[in-house]
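One structure, pasted below without further comment.
The values are calculated or read from the model by the stated rules, or taken from the named source; none is laboratory data. Since the structure is predicted, the reported quantities are computational estimates derived from the model, not experimental observations. Note that each Cβ is placed from the backbone with ideal geometry, even for glycine, and that neighbours are counted across all protein chains shown. Surface areas here come from the heavy atoms of the whole protein model, side chains and all, with no ligands, DNA or RNA. Shrake-Rupley method; radii C 1.70, N 1.55, O 1.52, S 1.80 Å.
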Amino acid sequence: MSDQQGLVDRFRAARRDPQLAVLEGFHAVKHALRFGAPISILVGTDAAEVQRLAAVLAPDLGERLSASLQLVCAEVFARLAPRPPRPGIMAIASRPAVAVEDLVRDRSPRPIVLLEDPRSPANLGACVRVAAAADAAGVLTTGPQDPWQPAALRGAAGLHYALPVIRVQRPVVRERPVIAVDPGGEAFTPAVVPPRAVLAFGAERYGLSAGVLAAADRRVSIPMRAGVSSLNLATCVSAVLFAWRLSQV
Ligand SMILES: C[S@@+](CC[C@H](N)C(=O)[O-])C[C@H]1O[C@@H](n2cnc3c(N)ncnc32)[C@H](O)[C@@H]1O
């Protein structure tokens, strides 16, 4: 087997490995490195372009990117992902081992975001990105989508390494106050978010399950103009988290 075929096989296997994360594109690699991802391999097609981007977007990481970058030709790079990123840079890293119990029992007042059965990996990633930006305590997801799949990591720009992101079997509705964010609830104000809240958001098409709605301590909505059914999931997570965050300062 050639080295090149070995590289293609390694990335292909990593995409299916629940211990590993495949990071596609400069922003995903940048954030993952910045927040401590243990990167085992970093490949790219153009060292000068990576250096140029690092100088503009991540001067703190320029030396580390240069030291780790393994150059590959464009033809091989194109075989490392179904949609190879531009500029051409990708990495494989280990996923952090974080226990859901540790996140749930954490005494920090920051809220946890619970995504019940999100369907779109890109949307899921956008939720992780805004949760990291707002400094939420973590993100829990239910349902079949792996929150660490490459498309979700790409949507999150690699910010899974900035906070715990954990898939759970069922929604956590004990040990913390649960706020169901649902178009049918009372109007949201930041004051309805108690310390250590779980902010629960529903699936793109069907919303929150009857079980989560019944178990929630409160049900809140973001009032919208008449005729608009709902916000996009990640947009809604953003609105709620930043309303909460801005109320803290
Ligand atoms: C696209 S919406 C789902 C729409 C679904 N038909 C429903 O009625 O819930 C996905 C999730 O975003 C949140 N969401 C979207 N717009 C909202 C709003 N105006 N108020 C509260 N939550 C909203 C909810 O958590 C919802 O489950």
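Quick one: which of 154, 174 is in a loop (DSSP other than H, G, I, E, B) and basic (Lys, Arg)?
Going through 154, 174 in turn, just one is in a loop (DSSP other than H, G, I, E, B) and basic (Lys, Arg): 174.
Moving on to the next point. I'd like to verify a number: residues in the stretch 186-234 that are open to solvent by less than 70 Å² (accessible area, probe 1.4 Å), over 25 Å from the mean Cα position of the chain (by Cα) and closer than 22 Å to residue 105 by Cβ, how many?
Within the stretch 186-234, residues that are open to solvent by less than 70 Å² (accessible area, probe 1.4 Å), over 25 Å from the mean Cα position of the chain (by Cα) and closer than 22 Å to residue 105 by Cβ number 1.
Would the stretch 56-69 turn up any residue that is more than 24 Å from residue 194 (Cα to Cα) and assigned to a loop (DSSP other than H, G, I, E, B)?
yes
State which residue is farthest from the ligand (Cβ to nearest atom) when the search covers only the stretch 181-195 and only residues that are out of contact with any helix residue (DSSP H, G or I) (no Cβ under 9 Å at 6 or more places or on another chain) and not in a strand (DSSP E or B).
Only one residue tops the list, namely 195.
Considering every residue within the stretch 150-169, establish whether at least one is buried (at least 16 other Cβ atoms within 10 Å of the Cβ), more than 15 Å from the chain's Cα centre (by Cα), under 21 Å from residue 99 (Cα atoms) and touching a residue at least 60 places away in the same chain (Cβ under 8 Å).
Scanning the stretch 150-169 turns up no residue that is buried (at least 16 other Cβ atoms within 10 Å of the Cβ), more than 15 Å from the chain's Cα centre (by Cα), under 21 Å from residue 99 (Cα atoms) and touching a residue at least 60 places away in the same chain (Cβ under 8 Å).
For the stretch 30-55, name all the residues that are of a type in the set (S, T, N, Q) and in contact with a strand residue (DSSP E or B) (Cβ under 8 Å, 6 or more places away or on another chain).
40, 45
Tell me the residue from 16, 79, 64 that is open to solvent by 70 Å² or more (accessible area, probe 1.4 Å), touching a residue at least 40 places away in the same chain (Cβ under 8 Å) and under 21 Å from residue 153 (Cα atoms), please.
79
Among the residues of the stretch 197-205, is there at least one that is more than 16 Å from residue 235 (Cα to Cα), modelled with pLDDT of 95 or more and more than 7 Å from the ligand (Cβ to nearest atom)?
Yes, there is a match, as at least one residue in the stretch 197-205 is more than 16 Å from residue 235 (Cα to Cα), modelled with pLDDT of 95 or more and more than 7 Å from the ligand (Cβ to nearest atom).
Cβ contacts < 8 Å: first residue more than 16 Å from residue 156 (Cβ to Cβ) and among the hydroxyl-bearing types (Ser, Thr, Tyr), restricted to the stretch 224-237; second residue within 6 Å of the ligand (Cβ to nearest atom) and at pLDDT below 95, any location; separation 6+ or different chain. Result?
none
When residue 211 is evaluated against the numbered criteria (1) within 15 Å of the ligand (Cβ to nearest atom); (2) part of a loop (DSSP other than H, G, I, E, B), which criterion, by number, is the only one it fails?
(2)
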